[in-house]
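Down below is the structure, laid out as structure tokens.
Read the figures in this text as sums done on the coordinates, not as results from a lab. Given the structure is predicted, the values throughout are model-derived calculations rather than measurements. When we count neighbours, we look across all protein chains shown, and the Cβ atoms used for this are built from the backbone with ideal geometry, even at glycine.
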Amino acid sequence: MKRRSFVHCSACASLTWVFGCGDDAAPPADSGGVDAGSDVGLDAPVDVGLDAATCPDPFTETTFVDVVPFVGAAGPFHVRTGQGWDGRLLSDLSLIPEREVMTNEDFYLRTFDPDLLDRSAPWSVEVSGLATPRMLSLDDLIASGVRDMGVHVLECSGNGPPTFGLMSAGRWGGVLVSDVLDALEIGADATALEVIGYDEHSVPSVGGHSTPGASWIFTFDQLRDAGAFFATEMNGMPLPNDHGAPVRLYVPGWYGCTCIKWVTGLRFVDATEPSSSQMREFASRTHQPGVPNLAADFLPATMDQAAMPVRIEKHRIDGAVAYRVLGILWGGYEPAREIVFSWGFDDFAMVEPCPVQMTNATWTVWQLDWRPAATGDYSLRMRLEDDTIPTRRLDTAYYARSVTIDEV
Ligand SMILES: Nc1nc2c(c(=O)[nH]1)N[C@H]1C(S)=C(S)[C@@H](COP(=O)(O)O)O[C@H]1N2
Ligand SMILES: [Mo]
């Protein structure tokens, strides 16, 4: 394991701390999920890339016993279920400590490649609205040159318990939206862009849960500030069809519902533009005040800072039982210095980033040594110490996870 560059952690508590999961984190344990007896070492804990000198790891001398499952979160993971709009693939978050990104096969899916999409004709993107109308070929769209856009975490705004499997990180390649806009003749009265995606499936959504029409309207400032890009590559490979090939929108830090797949149109609008059907469908899940009629009245659909455990391992050390809680921090716009892990009303431990959280673009892995006093059912919750950092979703106990502890 190579050493990574660390920010020195002067105040790592003896039992609790967090650590980053950098580029040289250990390779994936396997692709089949984490069960007792899987590649997650039975005798030795997994080396997750913790720098022993900077952030000592109390689990190097322990004996791994078992993974303690989260209640109801058995999956199935990494298998396609449903069809069309209701097509889903859940990612197994317990693999994250060994993964910088999800593989393209394991990356979550929300809506499958539309069966009515005709890929035989060359792809084109229609420029319309308050701009000189034009048909852009794929080559026109990526004329500024496809670049590495870095690793970003994507989370469906409808991601939820018990698996929270509609979340994954990937390394994306593409072109900045702002570079594409620079090459267009946009009317002086235009203030915003509607990014439109293909959205027709032969099979209707069961119970009408998903409404037809995929588009999101962004102000030019929002796109520029977020570093929004059109992605054509995912983890060094051409974008898979299910993930929006040949081109999807990616808005770093915003929920997945804004990251329009199979982009077919760029429509320029002004502040009088009504919100789109997709924006209205996802209004509550993106924390809007009601369902704004105007796109301009939508808040940015950003993911606030959040945290949750993703894997709990039971270990033995000197006859005692210790639980290794591995978790993630993600979302938000500034690093969290202290997070609080609680398992009961009066029972909590402070987790200090060690090394500090380096990025909000993707997840940061943390761990702690948890020694509950009694056996029983626990609801594990996180919160941030710093109340200047917005944590709208975390604050509602949304990311609480249940475990049953049978030995202490
Ligand atoms: N055209 C189109 N784009 C779409 C959707 C869709 O249904 N149609 N779903 C959105 C939602 S709700 C999410 S969470 C992300 C999921 O991206 P993924 O399937 O690549 O993980 O795509 C978004 N882009
Ligand atoms: Mo979503």
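Our estimate of slack between residue 342 and residue 209, defined as 0.36 nm per intervening residue step minus the Cα-Cα distance, is 44.5 nm. In the calculated pair-distance distribution of the range 304-343, the portion above 10 angstrom amounts to 76 percent of the Cα-Cα pairs. Decide, for the chain, between rounded, prolate and oblate: order the square roots of the alpha carbon gyration tensor eigenvalues as a ≥ b ≥ c, take rounded if a/c falls under 1.5, and otherwise choose prolate if a/b is larger than b/c, else oblate. In terms of gyration-tensor shape, prolate.
With +1 on each Lys and Arg Cβ and -1 on each Asp and Glu Cβ, how big is the dipole of the range 269-408 about its Cα centre, in debye rounded to the nearest 20? Mind showing how you got there, number by number?
On the way: 13 positive and 20 negative charges, 79 e Å.
So the dipole magnitude of the range 269-408 works out to roughly 380 debye.
Karplus-based coupling profile of the range 102-118, in residue order and whole Hz: 7, 5, 4, 6, 8, 5, 4, 10, 9, 5, 7, 3, x, 5, 8, 6, 8, with θ = phi - 60° in 6.51 cos²θ - 1.76 cosθ + 1.60 and x standing for Gly or Pro. Taking the Cα centre of the range 192-254 as origin and assigning +1 to Lys and Arg Cβ atoms and -1 to Asp and Glu Cβ atoms, the resulting dipole is close to 60 debye. Peptide packing: for 184-190, 359-365, the average count of neighbouring Cβ atoms within 10 Å per residue gives the ranking 359-365, 184-190, highest mean first. Remark: the range 128-136, residue by residue, has Karplus-estimated 3J(HN,Hα) of 8, x, 7, 7, 5, x, 6, 9, 9 Hz, where x stands for each Gly or Pro and the curve is 6.51 cos²θ - 1.76 cosθ + 1.60 at θ = phi - 60°.
Taking the Cβ of residue 293 as the center, what net charge do the other residues with Cβ under 11 Å away carry, scoring Lys and Arg +1 and Asp and Glu -1? Net charge around residue 293: -1.
In this structure the amide hydrogen of residue 232, modeled in the peptide plane, comes within under 5 Å of the amide hydrogens of 173, 174, 175, none closer than 5 places in sequence on its chain.
Between residue 182 and residue 350, the FRET efficiency estimated from the beta carbon spacing at R0 = 51 angstrom works out to 0.65. Each of 132, 366, 177 was scored by the projection of its Cα onto the charge dipole of the chain, and the greatest displacement toward the positive side belongs to 132; charges sit on the C-beta of Lys, Arg, Asp and Glu. Oblate is the label for the range 181-300, because the ratio a/c of its alpha-carbon gyration tensor axes (a ≥ b ≥ c) is 1.5 or higher and a/b is not greater than b/c. If a/c stays under 1.5 just call it rounded; otherwise compare a/b with b/c (prolate if a/b is bigger, oblate if not). Do that for the range 151-239, with a ≥ b ≥ c from the square roots of the Cα gyration tensor eigenvalues. Here the range 151-239 falls in the oblate category. Placing unit charges on the Cβ atoms only, positive for Lys and Arg and negative for Asp and Glu, gives the chain a dipole magnitude near 240 debye about its Cα centre.
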